[in-house]
Amino acid sequence: MTRATHHESTVGIGELATRTGLPVKTIRYYSDIGLLPESGRSPGGHRRYAADALPRLRLIQRLRALDTPIAAIAAVVTGERSLADLITRELDTAQVRLREVAWRRELLRALDGCSAPERLRRLALLAGVGRLDEAHDRLVRYWRWALPAGLPPRLAQAVVDGAVPAPPTTPATPTTSAVLAYAELHALATADDRRRQPQRDQVGDVASFYSGLLDACSLATEALVSGSPARHAEALDRFVRTYARIGGHDDTPAFRAHLRTRFRRGARPGSFPLRYWRHALAVTGDIPPRSTESGQGHLAAPLAALHRQVAGLPLTVDPPTAP
């Protein structure tokens, strides 16, 4: 191809600027970073581009109008990624950003409209959950530390899934009390005086104990959803038998009376388990949805229901002071 023919089959940077409305400086920048390769130079040293430069440049222009990162655009124009794949990835990124912005909005709302001393207290509390993913990871780490060693991995994961609530980012406007409860939960689980969960020396066969609790909670969740008295009774039976096996007892009226006394004594203000599950219940609600990953629902609501059945006390209020 002669130089004249080449010149006729290519376009100059000025023509691209005219047809797209982009500044020459911007087109030159895209060219310099490899988004718009040159096809050659004119006799005067001006940049020339192949005929497909115009649709390529328009694609770049439109993606940049959506604030698409340069690196992502480069992957599309070089063929490393399809436009459909780019859109899916960018949509996922946008959803994450929306979640982060919504969470920050709720944290600020929780700090608004309260007294100056309370605002400072809440600020210290909410600072621990400013970054959602990090806060969630710390809760998961607490439970992995707190559970007894030797618990079968799948069983341990099921307990963690049920015990660590997702941050209250849905519905779109969670209540201030739910946001504060999540922050309180995080502070409790990351404090220096955090407690371990029942260990082998307390419950013996830890796999049987935790498996029994999960089974009872699963039945209690079904009872909460259906409102079935029979399901509530079945859940309570499974729960009581799990505790009875610890000491080699049978599920008798005498043992149930003993368990009631034990639970009422344990439901004292300041009790670590009581405080944890109260905060978790405030986050997850009375009838939480099941996890989409494992099918295991959050444990706070069923545990609250079982606690009420055993102790005769709601988990959400302080018990009366014993005479």
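Values for this structure:
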{"quantity": "Within the range 234-256, tally of residues that are surrounded by 13 or more Cβ atoms within 10 Å (Cβ to Cβ) and in a helix (DSSP H, G or I)", "calculated": "15"}
{"quantity": "Residue in the range 39-57 that is at pLDDT below 85 and on the phi > 0 side of the Ramachandran plot present", "calculated": "yes"}
{"quantity": "Residues within the range 95-125 that are among the small types (Gly, Ala, Ser), surrounded by fewer than 14 Cβ atoms within 10 Å (Cβ to Cβ) and at pLDDT 90 or above, tallied", "calculated": "3"}
{"quantity": "Among (1) loosely packed, with under 10 Cβ neighbours inside 10 Å; (2) assigned to a helix (DSSP H, G or I), the one test that Asp67 misses", "calculated": "(2)"}
{"quantity": "Failed condition for His279, given (1) within 34 Å of the chain's Cα centre (by Cα); (2) in a helix (DSSP H, G or I); (3) surrounded by fewer than 15 Cβ atoms within 10 Å (Cβ to Cβ)", "calculated": "(3)"}
{"quantity": "Considering residues of the range 263-272 that are closer than 15 Å to Ala305 by Cα and of a type outside the set (Lys, Arg) only, the residue modelled with the highest pLDDT", "calculated": "Phe263"}
{"quantity": "Test result for Val206, among the β-branched types (Val, Ile, Thr), within 16 Å of Val160 (Cα to Cα) and in contact with a helix residue (DSSP H, G or I) (Cβ under 7 Å, 6 or more places away or on another chain)", "calculated": "yes"}
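Matching residues to (1) surrounded by 11 or more Cβ atoms within 10 Å (Cβ to Cβ); (2) within 23 Å of Arg97 (Cβ to Cβ):
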{"site": "Ala17", "(1), (2)": "yes, no"}
{"site": "Lys25", "(1), (2)": "no, no"}
{"site": "Ala53", "(1), (2)": "yes, no"}
{"site": "Leu57", "(1), (2)": "yes, no"}
{"site": "Ile60", "(1), (2)": "yes, yes"}
{"site": "Ile73", "(1), (2)": "yes, yes"}
{"site": "Thr78", "(1), (2)": "yes, no"}
{"site": "Asp85", "(1), (2)": "yes, yes"}
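Each row is one residue, and each column tells you yes or no for (1) over 28 Å from the mean Cα position of the chain (by Cα); (2) under 25 Å from Ala183 (Cβ atoms); (3) aliphatic (A, V, I, L, M); (4) modelled with pLDDT of 90 or more.
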residue: Gly285; (1), (2), (3), (4): no, yes, no, no
residue: Glu293; (1), (2), (3), (4): no, yes, no, no
residue: Gln296; (1), (2), (3), (4): no, yes, no, no
residue: Leu299; (1), (2), (3), (4): no, yes, yes, yes
residue: Pro302; (1), (2), (3), (4): no, yes, no, yes
residue: Arg308; (1), (2), (3), (4): yes, no, no, yes
residue: Asp318; (1), (2), (3), (4): yes, yes, no, no
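The values are calculated or read from the model by the stated rules, or taken from the named source; none is laboratory data. Just so it is clear, the structure is predicted and the values come from calculations on it, not from any experiment. Positions of Cβ are generated from backbone atoms using ideal geometry, with glycine treated the same way; all protein chains shown enter the neighbour counts.
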